[in-house]
Amino acid sequence: MPSRRAQRRLFIDGQGLSAPTVMRIGHIFSRRGAYHRYKELLVRRDALERWYDFSNKSEEGALREWCAENGIDLQREGGLDEGIRPSPCSVVH
């Protein structure tokens with residue numbers, strides 16, 4: 001599964017942010033309390049929900065890939081079409 005740092009980097013790279021903003025984000029993560037300050041920045045930029053969506057999709061994709069590599073067949077118990085967060089997956093034997 002991608003680390004939070006890797007997820008954050010992918011998300012930031014896809015936002016088209018200016019170099020000073022990217023530097024400010026790097027500075028945020030150089031001190032304690034980073035996620036609180038990062039969340040505040042995302043709220044100010046109206047990007048918090050996009051971050052949650054990106055993070056959830058990234059984690060789900062990594063978990064599905066891991067399951068496939070390890071011979072675990074997953075069957076989704078719901079759908080993403082309803083505008084909800086991904087539902088839990090069950091193992092099918």
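The values are calculated or read from the model by the stated rules, or taken from the named source; none is laboratory data. Note that this is a predicted model, so its numbers are computed, not measured. Here the Cβ positions follow ideal geometry from the backbone for every residue, glycine too, while neighbour counts run over all protein chains shown.
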Any hit, the stretch 31-51, residues being on the phi < 0 side of the Ramachandran plot, at pLDDT below 85 and either surrounded by 11 or more Cβ atoms within 10 Å (Cβ to Cβ) or touching a Lys or Arg at 6+ places or on another chain (Cβ under 6 Å) (or both): no
What are the residues in the stretch 2-28 that are assigned to a loop (DSSP other than H, G, I, E, B) and loosely packed, with under 13 Cβ neighbours inside 10 Å, if any? S3, G14, G16, S18
In the stretch 2-34, what count of residues is obtained for those that are among the aliphatic types (A, V, I, L, M) and touching a Phe, Trp or Tyr at 6+ places or on another chain (Cβ under 6 Å)? 1
In the stretch 31-76, which residue that is polar (S, T, N, Q) and part of a helix (DSSP H, G or I) is nearest to the chain's Cα centre (by Cα)? S55
